[in-house]
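See structure below.
The values are calculated or read from the model by the stated rules, or taken from the named source; none is laboratory data. These numbers come from a predicted model, not from an experiment. Because the Cβ atoms are built from the backbone with ideal geometry, glycine has one as well, and the counts that use them run over all protein chains shown.
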Amino acid sequence: MARKLVSLFGIASCLMSVVLISGCGGGGTGNRAPVSGMVKFDGQPIEEGQITFTPTGKSGTIVGGAIKAGAYNIPVEAGPEPGEHKVAVTASRKTGKQIEAIMPAPAGTMIDVTEMYIPKKYNAETTLRFDVKAGDNKDANFDLTK
């Protein structure tokens with residue numbers, strides 16, 4: 001009897017290992033596409049910011065990436081699914097002012113004041129759209145203005 005239990009436990013353990021190794025479909029890229037491009041504000045590349053793609057349909061995953069020196073690159077494994085997406089861009093910059101930091105920073109520590117400078121029509125109330133195609137999307141460029 002003990003031998004049968006050990007044998008059943010061994011079989012069950014092997015089956016669970018196979019299930020855990022294979023996962024739930026998260027290992028592949030599925031139906032995603034890479035997206036990259038340039039983002040400018042008033043003709044100048046955005047130094048540092050974020051870009052987000054939100055599907056306009058009833059399903060899909062919200063994805064995003066960092067903007068550095070105007071460029072962003074979201075690889076296929078983290079990319080959006082093909083279809084129309086709302087695009088949101090956020091960025092902040094230093095104002096030239098400083099304020100005293102709060103606890104737990106040491107007393108007298110000064111920090112730079114920053115401001116969000118991208119208008120709401122490009123983030124919270126975005127009007128930007130991009131149709132993600134299957135395959136590479138290297139032309140997802142956005143020229144934003146005040």
Applying the selection to region 75-114, what residues are assigned to a strand (DSSP E or B), within 30 Å of P55 (Cα to Cα) and acidic (D, E)? E84
Among the listed residues I74, I102, I67, I62, identify the single one that is among the β-branched types (V, I, T) and under 19 Å from M116 (Cα atoms). I67
Looking only at residues in region 102-134 that are over 30 Å from N31 (Cβ atoms) and of a type in the set (S, T, Y), which one is surrounded by the most Cβ atoms within 10 Å (Cβ to Cβ)? Y117
Tally up the residues in region 27-70 that are hydrophobic (A, V, I, L, M, F, W, C), surrounded by 15 or more Cβ atoms within 10 Å (Cβ to Cβ) and in a strand (DSSP E or B), please. 8
It is to be established whether one or more residues within region 102-111 are hydrophobic (A, V, I, L, M, F, W, C) and in contact with a Phe, Trp or Tyr (Cβ under 8 Å, 6 or more places away or on another chain). no
Checking the structure you have, find out if any residue of region 39-50 is at pLDDT 70 or above and among the small types (G, A, S). yes
In region 135-146, what count of residues is obtained for those that are closer than 19 Å to G70 by Cα and either surrounded by fewer than 11 Cβ atoms within 10 Å (Cβ to Cβ) or free of Cβ contacts under 8 Å to residues at least 24 places away in the same chain (or both)? 3
Those residues of region 81-113 which are within 30 Å of P34 (Cβ to Cβ), more than 16 Å from the chain's Cα centre (by Cα) and not small (G, A, S) amount to E84, R93
Exactly one condition in (1) of a type outside the set (S, T, N, Q); (2) out of contact with any helix residue (DSSP H, G or I) (no Cβ under 9 Å at 6 or more places or on another chain); (3) modelled with pLDDT of 85 or more; (4) within 30 Å of R129 (Cα to Cα) is false for G64; which is it? (2)
Considering only region 34-60, state which residues are over 17 Å from T127 (Cβ atoms) and either among the aliphatic types (A, V, I, L, M) or in contact with a Leu (Cβ under 6 Å, 6 or more places away or on another chain) (or both). V35, M38, I46
